[in-house]
Amino acid sequence: MNYDPKTTELKWQKIWEDDRAFEASCDHSKKKYYPLIEFPYPSGSGLHVGHPRSNTALDIIARKRRMEGYNVLYPIGWDAFGLPTENYAIKTGIHPKKVTEQNINRFRAQLKRLGFSFDWSREVNTSDPAYYKWTQWIFLKLFERGLAYKAEIPINFCISCKVGLANEEVVDGVCERCGSEVIRKVKSQWMLKITEYAQRLIDDLDNVDFIEKVKVQQRNWIGRSEGAEVDFKIFNSDLAIRVYTTRPDTMFGATYMVIAPEHPILNKLQDSILNMAEVEAYRQEAAKMSDFERSELVKEKTGIELKGVKAVNPATGMPIPVWVSNYVLMGYGTGAIMAVPGHDERDWEFAKKFNLPIVEVVKGGDVLQAAFVDTASGMMVNSGFLDGMDVKEAIPAMIDWLEGKGIGKRKVNFKLRDWVFSRQRYWGEPIPLIHCEKCGWVPVPESELPLELPDISDFMPSDDGSSPLARAEDWVKTVCPKCGGAATRETDTMPNWAGSSWYFLRYTDPHNQNELASKEALDYWMPVDWYNGGMEHTTLHLLYSRFWHKFLYDIGVVSTPEPYMKRTSHGMILGENSEKMSKSRGNVINPDDFVDELGADSFRLYEMFIGAFDQPIPWSTQGARGCRRFLDRVWRLREMLTGEKGIRPDMMSEVHGTIKKVSEDYERMKFNTAIAAMMSLVNAFYNKGDVTADELHTLLVLLYPVAPHIAEEMNELIKNPVPLYRTPWPTWDESALVKSLIELGVQVNGKVRGRIEVSSGLDNKSIEEAALGCEEVLPYIEGKTVKKVIIARNIVNIVISG
RNA sequence: GCGGGUGUGGUGGAACGGCAUACACAACGGACUUAAAAUCCGUCGGGGAAACCUUGCGAGUUCGAAUCUCGCCACCCGCACCA
């Protein structure tokens, strides 16, 4: 009988399901393990070959942990709100709810076909009112604590689609959908104060086991810097411009100031500015530009001096000019800088262009030729009381001096900005707030949650960029929960990052009607033990969810400050031409076709064998066929069974070596070498010509996490009464790994010249004799003086002179 | 520009500082077939008579370097006027 994946795979999927083999137990006395993959966004194009790479990896871990005796929660769900579904609805007129349902059904079927050991009884769906009730609840808690606030900020607006776009939808400065210009439009938006958690989001990275790459990227994104805020007085005025600087020590070299075009002091100074018309023109020019255009103009700096206005350098007491330039950003620091052209490349470039004075304050370069910026340490000059100090002493000395005078203070700044939480879209969680003329923003009472999305039929955003919900007048008009007067609902919805910021909590207790999850379930299951996902989520989902989790920790909902103990990341699977897979490139591999032809086990096996798990890798259908070939070879081992029992002595070392290698490599995510080791074991059986039932059983147990269907089927065929999903993970016997004879390479001056075979316990002196007597080595050492012989674990090196 | 990663056969890739190229893919040869596919067995870095050369390039440390150090080069991924 040949191996037939179609019937075998369905057969075992049904057995596992009927036996509820992978459902997490509510028995909290057992040790637990919680592996997690990023729940998929059920897009219209179906499962991508990238999903199974992550899913299979943690499926291997989940199955292995069950065999090791853990109570395992390996859940699955749907990140179901989002723009592509809504855009599809606009195009076709089909309700996003309907589209989502269809897509989920397709995804579910595809995932089930691949035989992942998910606990399907705990499936969650972020667009289900029973779920988003709690997303809204968390938002209200944030609102209660002042962490959600409304602000006027610019959003991306497509002039052709007349729609507000999320940042993700702006590609190279144009609208992703229609390719036309995206401008900035100031709108009132709900914001979340993630910046309040910036320091903790950095600090707590020290307490989690994330791959270094992720930690580094999060730290850079949060962008902490230490420095000082200092007030620069306006000459002949009560006004001052506050700047932020990380290098207060260089203040004696500040020969001018620059403020951002949006800086509010321009309005206050307008009567003193002699060239206000010109300044206003520059300002308007800057305002018209998109962020993209602004950053495109990096090469050529522009700016304009405020004529009639001078600021006073507090260090030197000298008046210095004030310029406006868009190389200073309103969104970082104070929107104003002191310019030190001698020691900052941007300031230097600007000073050169506009002929501003350049002063050296740290010795070591030639500031007339280039900015001298390599100043981690160095001697201060031209700097009054700082002269002669090292930069390292000068920084605190200057801050002390500023604080003493009351014109400056220490300040930590972050690049991280608050999270823009509003979308003018239909297919998202309604923001549960009501606006009352009298009472302001009032939360929807908890008892009225979930605030459900009204059923509408026109999802097209309005011309003015407001949400389609704004047209659902019956829904919008409501009464104020506080005063009972007429009021209106917020019509913006939440971004799709909302539902994914806490879904891993819901898995612990997905059907709870009274809480987002019970405290007992949370305390037992959290934190997630191992979370694998894409690098592209490092600065969005991963950061957002850590923020929400910390907030929930602060209000006592969860008991751990961090949601995830361990975070790993898989490399992307590229097309056969080594380019990113995409419809437009025509190099997309459809998992369904593959599974039809070669089966789910081959697919899983290949995705794990393809290469190092954390590296991007091109797909090769030929290579994948090789994996099916391997499974066929395993299948035929049944025909080679001897009547013998146990593991034969001459196979002990090979079999136990494989148990060790596979066990260790699975944990290190070195799936490719684990599979290679199993291939070698199979080759060894073939070379021997036969295999015992126990030897084969060991192989099947090791193979089961990667290729569970074929492993279970063969296990049954060799009359093993216990299915593999109930079999304990094997241990290896270190003493079995020791071979009686070992082969040593023999080097002469580091080059391999021969090899010897010795018994494993042999003393060094005898090994040395054997090596010196080795026939292939003799010609190299004849007539030479042997200086010494180095004996290492598996090599002997003879060092000769001359 | 800054940060991170990668560089090994025709290809994907192995290799605690210790016999470079495991395991596969492709290719080639053989067996079995009327034939093909499948399967099984074998060859497979370069150079060749040997010597020898070979882990992007160049130095260094070491008895010994793909691996460690320094300096370059190329490609990939983030971030980017962050004061």
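Which of the lysines could a cross-linker bridge to A:Lys288, judged by Cα under 26 Å and excluding same-chain residues fewer than eight apart?
A:Lys150, A:Lys162, A:Lys185, A:Lys187, A:Lys268, A:Lys299, A:Lys301, A:Lys307, A:Lys353, A:Lys415
Measure off 7 Å from each Cα along the Cα-to-Cβ vector at A:Glu152 and A:Ala612, then give the distance between these two points in nanometres to one decimal.
If labels sit at A:Glu152 and A:Ala612, their model points lie 5.2 nm apart.
In terms of Cα to Cα distance under 12 Å, which aspartates and glutamates are near enough to A:Lys719, apart from those fewer than 8 places away along the same chain?
A:Lys719 reaches A:Asp694.
When A:Val362, A:Val444 are ordered from fewest to most other Cβ atoms inside 10 Å of their Cβ, what list results? Could you put the intermediate results ahead of the total?
Values: A:Val362 28, A:Val444 20.
Starting with the residue having the fewest Cβ neighbours, the order is A:Val444, A:Val362.
With charges set only on the Cβ (+1 for Lys and Arg, -1 for Asp and Glu), what does the dipole of chain A come to about its Cα centre, in debye to the nearest 20?
Numbers: 98 positive and 111 negative charges, 37 e Å.
Here chain A has a charge dipole of around 180 debye.
Give me A:Ser501, A:Ser447, A:Ser127, A:Ser545 sorted ascending by neighbouring Cβ count inside 10 Å, so fewest comes first.
A:Ser447, A:Ser545, A:Ser127, A:Ser501
With point charges of +1 on the Cβ of Lys and Arg and -1 on the Cβ of Asp and Glu, referenced to the Cα centre of chain A, which listed residue (A:Gly335, A:Ser735, A:Met379) lies farthest in the positive direction of the dipole?
A:Met379
Charges on Cβ only, +1 for Lys and Arg, -1 for Asp and Glu, centred on the Cα centroid of chain A; of A:Asn512, A:Leu605, A:Ser188, which one is farthest towards the dipole's positive end?
A:Leu605
Grab the Cα-Cα distance for A:Glu437 and A:Lys739, subtract it from 0.36 nm times how many residues apart they are, and report the gain in nm with one decimal. If you can, show how the numbers build up before the last one.
Numbers: separation 302, 0.36 × 302 = 108.72 nm, distance 8.47 nm.
Length gained, A:Glu437 through A:Lys739: 100.2 nm.
Looking at chain A, send over the antiparallel percent of its DSSP beta bridges, to the nearest 5.
Working: 71 of 94 bridges.
The antiparallel fraction comes to roughly 75 percent.
Would you work out the charge dipole size for segment A:650-799 about its Cα centre, treating the Cβ of every Lys and Arg as +1 and the Cβ of every Asp and Glu as -1, and quote it to the nearest 20 debye?
Values: 16 positive and 21 negative charges, 143 e Å.
It comes to approximately 680 debye.
Relative contact order for chain A: what percent, with Cα pairs under 8 Å and sequence separation of 6 or more?
On the way: 1418 pairs, mean separation 111.5, N = 802.
Normalised by residue count, the contact order of chain A is 14 percent.
How far is helix A:96-113 tilted, in degrees, relative to the longest principal axis of the Cα atoms in chain A, given as a value from 0 to 90 rounded to the nearest 10?
30
Could you line up A:Arg629, A:Arg793, A:Arg604 from fewest to most neighbouring Cβ atoms inside 10 Å? Provide the component values of the computation, followed by the final result.
Details: A:Arg629 12, A:Arg793 6, A:Arg604 28.
The fewest-first ordering by Cβ neighbours comes to A:Arg793, A:Arg629, A:Arg604.
Cα centroid distance between segment A:546-570 and segment A:728-757, in Å?
Taking the Cα centre of segment A:728-757 as reference, the centre of segment A:546-570 is 46 Å away.
Over segment A:738-802, calculate the relative contact order: mean separation of alpha carbon pairs under 8 Å at least 6 apart, over the residue count, as a percent. Mind dumping the intermediate values first?
Working: 111 pairs, mean separation 23.4, N = 65.
Across segment A:738-802, relative contact order equals 36 percent.
Using only Cα atoms, tell me the angle between helix A:129-144 and the longest principal axis of chain A; keep it within 0 to 90° and round to the nearest 10.
40
What do you get for the angle between helix A:391-405 and the principal long axis of chain A? Use alpha-carbon atoms, 0 to 90 degrees, nearest ten.
Orientation of helix A:391-405: about 40 degrees from the principal axis.
Lys/Arg Cβ at +1, Asp/Glu Cβ at -1, dipole of chain A taken about the Cα centre: which of A:Pro461, A:Val799, A:Pro708 is farthest positive-ward?
A:Val799
Need the list of aspartates and glutamates near A:Lys670 for cross-linking: C-alpha distance under 13 angstrom, and skip anything on the same chain fewer than eight residues off.
Partners within reach: A:Glu607, A:Asp614.
Just order A:504-517, A:611-624 by mean Cβ neighbour count inside 10 Å, highest at the front, would you? Present the calculation step by step, with values, prior to reporting the outcome.
Details: A:504-517: 18.2, A:611-624: 15.7.
Order by mean packing, descending: A:504-517, A:611-624.
Each reported figure results from applying straightforward, stated rules to the coordinates on display, with no laboratory input. Since we're looking at a predicted model, the values are computed, not measured. Positions of Cβ are backbone-derived with ideal geometry, glycine not excepted, and every protein chain shown enters the neighbour counts.
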